[in-house]
1. Within the range A:55-70, does at least one residue satisfy the condition of being more than 8 Å from every other protein chain (Cβ to nearest Cβ), assigned to a helix (DSSP H, G or I) and not β-branched (Val, Ile, Thr)?
2. Go through (1) farther than 30 Å from residue B:528 by Cα; (2) surrounded by 15 or more Cβ atoms within 10 Å (Cβ to Cβ); (3) of a type in the set (D, E, K, R) and name the single condition residue B:824 misses.
3. How many of the residues in the range B:292-349 are polar (S, T, N, Q) and not in a helix (DSSP H, G or I)?
4. Being among the hydroxyl-bearing types (Ser, Thr, Tyr), at pLDDT below 85 and either in a helix (DSSP H, G or I) or more than 30 Å from residue B:201 (Cα to Cα) (or both) narrows it down to one residue among B:112, B:75, B:99; which is it?
5. If you go through the range A:62-69 one residue at a time, do you hit one that is of a type outside the set (Phe, Trp, Tyr) and over 24 Å from residue B:61 (Cβ atoms)?
6. Filter the range B:321-354 down to the residues that are modelled with pLDDT under 90, within 26 Å of residue B:855 (Cβ to Cβ) and touching a Leu at 6+ places or on another chain (Cβ under 8 Å) and list them by number.
7. When residue B:567 is evaluated against the numbered criteria (1) surrounded by fewer than 21 Cβ atoms within 10 Å (Cβ to Cβ); (2) in a helix (DSSP H, G or I), which criterion, by number, is the only one it fails?
8. Residues that are part of a loop (DSSP other than H, G, I, E, B), on the phi < 0 side of the Ramachandran plot, out of contact with any strand residue (DSSP E or B) (no Cβ under 7 Å at 6 or more places or on another chain) and surrounded by fewer than 19 Cβ atoms within 10 Å (Cβ to Cβ): does the range B:258-265 have at least one?
Amino acid sequence: MAKPKSDVLQGTLALLVLKTLERGAMHGYGITLHIQRVSSEVLRVEEGSLYPALHRMEQGGWISAEWGASENNRRARYYQLTAKGWKQLAEEEKNWARLSAAVASVLQFAQ
Amino acid sequence: MSLLSRLAGLLKIHRLERDVEDELRAHLEMRTRDNLAAGMSPEEARYDAKRRFGNSTLVKEDTRAMDIVGWIETTGQNLRYAARMLRRTPGFTLVAILTLALGIGANVAIFTVVHAVLLDPLPFPHPEELVRVYDDLRTSNTHDVGMSVPELWDMRDKSGVFQDICVIFPTDGNITGGDHPERVEALGTNANYFTMLGVRAELGRTYVPADALPGFSEPVVISDAYWRRAFGADPKVLGTKIRLDGDLYTVAGVMPPGFRHPGRTLDADVDLWATTGFAAPPFPAPVVRAVRLLPGVMGRLKPGLTVSQAQAQLDNFVAQLTRQFPDEYPAAAGWSIRLVPTQEDVVGNVRTELFVLFAAVGFVLLIVCVNLANLLLARSASRQREMAIRLAVGAGRGRLIVQLLTESVLLVAISGAAALLTVFTLKNSLLRLAPADLPRLNDVSLSPGVLLFAFFISILTGLLFGLAPALQTARADQTTALREGSRGAGSSKHQLQFSRFLVASEIALSLVLLIGAGLLFRSFWQLLEVRPGFDPHHVTTAKIWLAVPNDPQNDPYFTIEKRAAFHQEILRRISALPGVEQAAIGSPPSAPMDGKPRQSPFLIEGRASNLEHIPVAETASVTPAYFSVLKTALIAGRFFTDDDNAKGQQVVLIDETLAHRYWPNSDSDALGQRLQMAAGRRSEMAASPLFTIVGVVGNIKSDGFDAASAPHIYRAVYQAPPYGAVVYLRTTADPGLLGEAVRGEVQHVDPTIPVFDVRTMDFIVSAFLAERRFALELLGIFAGVALLLASIGIYGVMTYTFSRRTNEIGIRIAMGAQRSDILRLAVGEGTMTVALGVVAGLAGAAVMTRFLRSLLFGVKATDPLTYAAIAGLLTAVTLLACLVPAHRATRVDPLIALRHD
């Protein structure tokens, strides 16, 4: 159904979420909007994978959640990075840089 | 996973579910709003939001699963860590599990009995309405004198407090027509018995209103056990004719297996129920108000009426009857009616014993908890470094406490499971320890109530012994802990004091238990010292029952002469049996410590004129050799002879108690005096024949070792021959073989007469003491366990203290301290703790043993000797337990000790 191209690459969802939360606490819907907008609509986060991922990261201690009021005063669950989450983000960013550099050099070699 | 964390999990999962739903709904709403803003129609907006979500239930479940996975992972981590810690110290773990299992197991075992006997309501609808109705004669302090039929009718029709009221008449029954006559436990009742209790037959029917006749009606109901025993559980038993005491009856119904008559019986569970109005033969007809032939009455109060309200109404009613029939109810007699809730009546005095035992196992468990808390504290000291490091790297104190509690909970879960398993595999062996006449013993089972109790007591235990050490450890001051930790030993002074406090409380608890057990032991000792007035060794007894047919015409033993001749012939034959030195026969109340005594009011000739109190005595009829067989002394006059028969003068023997009370100067003053005996009505008393006192005999403690000596009057069997009789044989022969021989002789005289209950008197006496012995043994065991645990506790703490001070002791020795100085130091410190515990324990015992008072005999609840002896014993044992580690500490080489750092 969903276009595979626009789906977030397997394994990068956590990185994207952590990076998004770097700017401050955000609720789930806000995270999808942010990723979509910043990636110029290229990356789309599936709701079906976002929430399980958020809860998994919460249990892992990377992020913590708190109920708060949304922009128009609805109850929403706000996620925010923990100390462990900041470390994790740095780690994942490094990994991603290494990975993409590696992929890039493979592609260049092929040319 | 323990039940505790599972329960917590359920609550948590429920909360999580709601949270996830709320979160996802918020998302949907925000998306819909944005879609609307983007210009979609409301319908489209909602549809799009949902479509993006895909299968929302699935999303919800996936999300929730992540939470649960995380939670389980944490718990699993805690559990794995706990298990690892426990495995690393197998000695500690084993001791902990064993003591805990013992504590929890004892509690569960006793609670199982308490639950079945005391807490579980009787298995009838509205059991709180059921009462036993007792008639008392207040002025002479005579209880349970029985009721007359007109009184029963008044209670039923005019008292206004009963929905239903019914006679309870336990009796022997003789079933003939089979190969052998068989004695059954029968219960005569009114026809409303089963409807009053609210029970139905399993097979066939109980009574119908048409069964309510003045005399016995033909249908009878049998118990499940008797149905299996006598009819091989034949489903076609209904309609079978049986011959009971010479009369024909028809089996109309079989009761369900769980049904038991809620009250005392003669001997065993009721086999057979028969119904009668008690107003036609074999009962005296027409009925007379003053003849209290009904031995017991049970009633169901009107709904909403409390027992005390009903009692107040009945008191008024009794006052009114007393005014109405002054001749039947002389004011001097103080006739009154007393209601006792059936549940209380069934349980009787076992209540106190069970509560005492329950309290005792509670104490044992407390001691186990204190002991474990202490062990954990000592252990936690060595883990302080680990905890400090974990705190330093950012672990939450909450997480650490949960971690430590998980260890406790894991211990308790293992122990609780082990305890439950043990109790229920050993249930039958354990029950065999209990006295057989413990009421409602058959109801003891693994009920949900018991499981719930086991569950809660385990949780409580885990928290109790785990919380204090966990808090203590997690509170650890990081810097000092790290520093102390680096020195290898390390526990704060504060912690040591707390340990000592725990040991002192352990000693106090043990002391209370030990004093309780000591008091019971002294009581039992005193009881055994009581001379019962007879020699139970080498006496075998058996019972016989002459049937009482409803129509006297069919009764071959209707006259005194016939019955007397029968007893005389039986006595002649059994006396001649090989191995029998001497034999005697008596009426059922003549059997000491077996069954209910029979009390009769009496008057002494010449003293009758001015009586405020009509005296009562226990009466029985016996043959001449009765006192010789029991080795009871003759004090004055003579025993009965064979000539004391219907043709001779009416004679009685009295015992010393009665003689001393009325002829205080000399026992022989009583000889030749005359008595009258009757049911209590003045006119009837006057019409009673005069009985001449021909002898005074020693006291026989017929109501038990612990009962005050009641006055006794004995009549001659040949002048007052009973229908039921007890045969006494002084012999060294095997009771089993002898029983057969007696049966042979009796049935040679009359083949329709059953012989039953062949027992030695030693057995009867020991059965009488069984309940007390049971309580004593259990309390003794619990107290012993407590003493052991307390010793282990103080030993552990002292060992730990000295190991921590090895360094200091080394310095002291190096500086020239003698070993005796070190020992003195140790004893001084131990003594403080022990003294504190002993003082608290003595105070506690003085308060707690008050509840034992009704179980004590010949010793006061504050008996100084017991208190002093037990306190001394406990002090000695605990001081010894702290000397051993101290002694070991002094043996250490100062050089090694100094390097111990």
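The values are calculated or read from the model by the stated rules, or taken from the named source; none is laboratory data. Remember, predicted model here, so these are calculated numbers, not experimental data. Methodologically, a virtual Cβ is constructed for each residue, glycine included, from the backbone with ideal geometry; neighbour enumeration extends over all protein chains shown.
1. Yes - at least one qualifying residue is present in the range A:55-70.
2. (2)
3. Step one: filter the range B:292-349 for residues polar (S, T, N, Q), giving B:306, B:308-309, B:311, B:313, B:316, B:320, B:322, B:324, B:336, B:342-343, B:349.
Still in the running and not in a helix (DSSP H, G or I): B:306, B:336, B:349.
Here the count works out to 3.
4. Details: B:112 fails: at pLDDT below 85; B:99 fails: at pLDDT below 85.
Of the residues listed, the single one that is among the hydroxyl-bearing types (Ser, Thr, Tyr), at pLDDT below 85 and either in a helix (DSSP H, G or I) or more than 30 Å from residue B:201 (Cα to Cα) (or both) is B:75.
5. At the first step, the residues of the range A:62-69 found to be of a type outside the set (Phe, Trp, Tyr) are A:63-66, A:68-69.
Keeping just the survivors that are over 24 Å from residue B:61 (Cβ atoms) gives A:68-69.
Yes.
6. Once the filter is applied, which keeps residues that are modelled with pLDDT under 90, within 26 Å of residue B:855 (Cβ to Cβ) and touching a Leu at 6+ places or on another chain (Cβ under 8 Å), the range B:321-354 yields B:343, B:346, B:347, B:350, B:351, B:352, B:353, B:354.
7. (1)
8. Yes, because at least one residue in the range B:258-265 is part of a loop (DSSP other than H, G, I, E, B), on the phi < 0 side of the Ramachandran plot, out of contact with any strand residue (DSSP E or B) (no Cβ under 7 Å at 6 or more places or on another chain) and surrounded by fewer than 19 Cβ atoms within 10 Å (Cβ to Cβ).
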